[in-house]
Amino acid sequence: MRRRADREDVVRPNAAGRVAAAIGRHPREFVGVVMATVAIFAICINALYLQKGPHPAPIFASRPLLKQAAPATSPRTAAAPSNIASDPAAQSRAQLIADIQRELNRRGFYDGAVDSIWGAKTDAATRDFIQAAGLKINPDLSDSLLRVIVASKVQNNRAVMPEPARNDPIAELIAPTKRVLAIQRALADFGYGQIKPTGTYDADTRTAIEKFERDHRLPVTGQISDRFVRDLAAMTGRPLE
């Protein structure tokens with residue numbers, strides 16, 4: 001037994017010595033073998049454990065996952081209700097505008113459609129009513145405005161101002177228009193001159209437009225251009241068209 005143990009002790013150092021001698025004789029080959037072993041090990045770990053989805057060529061076959069079919073959506077379910085229909089505040093505002101338009105129409109101040117839209121026509125009709133009634137109230141949309149209109153007995157007996165033909169620029173400047181009337185009121189309200197809202201383009205209106213253009217660094221023309229109307233509407237926060 002002792003001889004056998006001694007023999008094993010002699011063999012082990014000899015085997016280790018041979019490996020060390022082989023590495024010393026072929027260091028490049030040894031490094032290559034080590035790197036190849038590490039690379040194979042990393043590939044196996046990546047393929048088996050680090051892939052988030054199914055591998056395109058898996059080592060072990062797996063059963064494919066069954067895809068759940070998306071529930072069919074009927075056309076009625078897909079059609080979402082409009083924001084106005086689902087918003088109580090928007091509904092209340094639309095109803096208030098419609099009521100004001102009806103009352104102004106009954107008194108001859110509004111000749112447009114009852115569309116629940118506070119546009120230039122509704123705004124002009126409201127200001128005409130306030131001026132005819134001799135009131136000093138805010139022309140903005142409110143419940144109090146509707147109550148004043150309902151309680152008032154003022155009627156508009158004036159003829160509606162005709163709109164000039166759009167292809168006749170001279171007639172557009174001379175004839176009274178609701179567009180010019182809205183512009184005159186806006187300029188007067190914001191301190192651009194003592195302008196009488198007549199709906200007719202005159203010297204006072206031209207002077208007020210020039211002052212507005214200078215204040216807002218626009219080309220000074222004194223004319224009712226599209227750019228001037230857009231900037232004036234943006235400043236006043238109300239429609240002018």
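The values are calculated or read from the model by the stated rules, or taken from the named source; none is laboratory data. Just so it is clear, the model here is predicted, and its values are computed rather than measured. So basically every Cβ, Gly included, is an ideal-geometry build from the backbone, and we count neighbours across all protein chains shown.
A few notes on this one:
- Of the residues making up the stretch 10-23, those that are at pLDDT 75 or above and either β-branched (Val, Ile, Thr) or surrounded by fewer than 10 Cβ atoms within 10 Å (Cβ to Cβ) (or both) number 0.
- Among the residues listed as 220, 229, the single one being buried (at least 17 other Cβ atoms within 10 Å of the Cβ) and either in contact (Cβ under 8 Å) with a residue 12 or more places away in the chain or part of a loop (DSSP other than H, G, I, E, B) (or both): 229
- The stretch 193-208: number of residues that are outside any loop (DSSP other than H, G, I, E, B), among the aliphatic types (A, V, I, L, M) and in contact (Cβ under 8 Å) with a residue 12 or more places away in the chain: 1
- Residue match in the stretch 85-97 (condition: over 29 Å from the mean Cα position of the chain (by Cα) and outside the structural domain of residue 184 (by TED's automatic domain parsing)): no
- Selection count, the stretch 196-217, where residues are crowded, with 19+ Cβ neighbours inside 10 Å and of a type in the set (Val, Ile, Thr): 2
- Residue 134 at positive phi and without any contact (Cβ under 8 Å) to a residue 24 or more places away in the chain: yes
- Answer residue from the stretch 136-154, given it is loosely packed, with under 15 Cβ neighbours inside 10 Å and at pLDDT 85 or above and is farthest from residue 224 (Cα to Cα) among those: 151
- Identity of the residue in the stretch 111-135, over 16 Å from residue 199 (Cβ atoms) and hydroxyl-bearing (Ser, Thr, Tyr), that ends up surrounded by the fewest Cβ atoms within 10 Å (Cβ to Cβ): 116
- Residue within the stretch 165-180 that is modelled with pLDDT of 85 or more and on the phi < 0 side of the Ramachandran plot present: yes
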